């Protein structure tokens, strides 16, 4: 503690030294000024003295009147005697003249006319002479110091050269010695060595301070929780600790206070919004209990407002990167404080949607959803998602959507896609939520929310097609296209087709366009006279862009598109189109990952059930005229009825057991019963669910793939029932067909795999 006190004294000593120097300079200046003033007075008195001496020489001194003498004649005789006894001033010794000069300051009365001067007490000093009076004046040995002249540069004018001099100021030696001693004493104090704290001692001291602050925070929080109405004023005391000035614990203490206040407000805040009192209510006489409740509510709202302002200021300080004057918190600590402040705002956004200033919190949180800091952006997005999930009334969600829509428009649609994901989550929750209020109110809120969302979607589609939000917008439209007004369908389909034909979209974005178009046509748009053949053609010709690499995850979107394009619109789909898609999907299943192959084969199983006549692809005989054209991009005219699903034989030898099982099931005609039928866990799941179940995102097989020896392979091949003479003929025929229409490298692969 002693070292600590010494350490704190250093700035005061330095300040004292600095102050002392200023005082010394001021003293010196004042002293010089006084000396100059004294010198001027001294010269003035000397001039007066010299004038008085001259007057005394030129005039004869008048003797003092003797009161005993009554006759004029005797008075004249007395004057003559005194005249004889008195010595003229020019006959005085040099010592006397010097004495008179030295007494100049005290003998200022000599400047008066000596002929008219007489003593104050004339009766007692009738016989005194002037010189005797001088002798009785006490002598002083103080003399004016002789001034040293400083020669300056001369001045030249018309009359000639005028020399310039200045008197050198005289410094009092005694005062100099005192000042010097004071400076030396201060230097000795400053130079006194101070022992610095070691790192371990500093950490111990900091831990002690921090523990004291924690206890103080806990005491205040406990008092507030025990009786909020009585101890509401302690909120102000606790909030004042947000301005902690001790640099050792300032950051930690402020973080603890932020979290403590957030938890306190969550606990003591009532379940209703506090409104301001009217003038009539304020003037009404009320009971003490009611007055106490009002004071509590007013204090709570006031402190809650100030607390939110403090959090907002912390975020602004971090954004501006501007160091405070107090310099208690470093710039590096600003981000940590801002993160804690944002976390508290997110908690209050979710926990107190009914309380005051909730819209203010929304205005703070929404821009931070697009922040460059990933942690803060994710924190805010998650908070908004939670709010959407738990908001049953839709009022808070509507407020968030309005702010998001305005913010996206203000930023010219250059924001993160997580906006749209949040809106999609909102739409899903709004559709599933069960509110306790009336259906009309709920419908009104949801309708207004949907209108704002779709207006934002359409703005981006029309004005900002290169915005990073476009993929999220297309995904959102694909999910909620059935809620769009029928009046917009025609224009929306034109815009989607234009986007596909522009070539500016990625493959996934083009799939979302197709998905959106068919969602529109499968709902209310089913009654419209619109031919979506161009969307079928686009999907058919781009299926081979999928592979086991980067586009493997896009297979899930393709499976969803196929479901809405073929299965749900089976009445509008021709048999030729269904055959072409089944054939191309079987070919696609050969060069994708196992989970994608399973999903594709599950889709083919559903299509074979939906279109029963497609089982002709399992026969080795041709149907009708023409030759299958696999390279043609028009599914209606590729003559898919003249080919067979030879890919199933290759897939039956796949290394994944589920792929083998699906291939064998399709080769048997996809029966619902019998030994070739699928188990319920496979048959009752949709293609998208199977794709997700057997996903290889964790880099593992489900189920694990067992390695087998070459002997085991031979046994399996010999035991397979499909290697008979008729099947060999079928394979040879289709291999020759593939050699005619497929690329050379792919044909070589087929021949090698079937040997």
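Read-outs throughout are calculated quantities, based only on the coordinates presented, and are distinct from any laboratory measurement. All figures in this text were calculated on a predicted structure; none of them were measured in a lab. A quick note on method: Cβ atoms are made from the backbone with ideal geometry, for glycine too, and the neighbour counts reach across all protein chains shown.
Observations on the model:
- Projected label points at residue 591 and residue 545, each 7 Å from Cα along the beta carbon direction, are separated by 1.5 nanometres.
- Given R0 = 35 Å, the distance between the Cβ atoms of residue 291 and residue 271 translates into a calculated FRET efficiency of 0.95.
- Spacing of the two label points (7 Å from each Cα toward its C-beta) at residue 625 and residue 31, in nm: 13.1 nm
- Taking label points 7 Å from Cα along the Cα-to-Cβ direction, residue 167 and residue 491 give a separation of 9.9 nm.
- Inverse mean reciprocal Cα-Cα distance (Kirkwood Rh) of segment 202-356, Å: 17.0 Å
- Full-extension gain in nm, residue 455 to residue 575, via 0.36 nm per residue minus C-alpha separation: 39.3 nm
- Using a cutoff of 8 angstrom between alpha carbon atoms and counting only pairs six or more residues apart, the relative contact order for segment 202-356 works out to 29 percent.
- Fewest-first ordering of 510, 226 by other beta carbons within 10 Å of each residue's beta carbon gives 226, 510.
- Ordering of 30-41, 365-376, 588-599 by burial proxy (mean other Cβ atoms within 10 Å per residue, highest first): 588-599, 365-376, 30-41
- For the peptides 513-519, 644-650, residues were scored by their other Cβ atoms within 10 Å and the scores averaged per peptide; the highest-first order is 513-519, 644-650.
- Peptides 557-566, 612-621, ordered by how many other C-beta atoms sit within 10 Å of their residues on average, highest first, read 557-566, 612-621.
- Between residue 51 and residue 606, the contour length at 0.36 nm per residue exceeds the alpha carbon distance by 186.0 nm.
- Between residue 677 and residue 407, the C-beta separation translates, for a Förster distance of 45 Å, into a calculated FRET efficiency of about 0.25.
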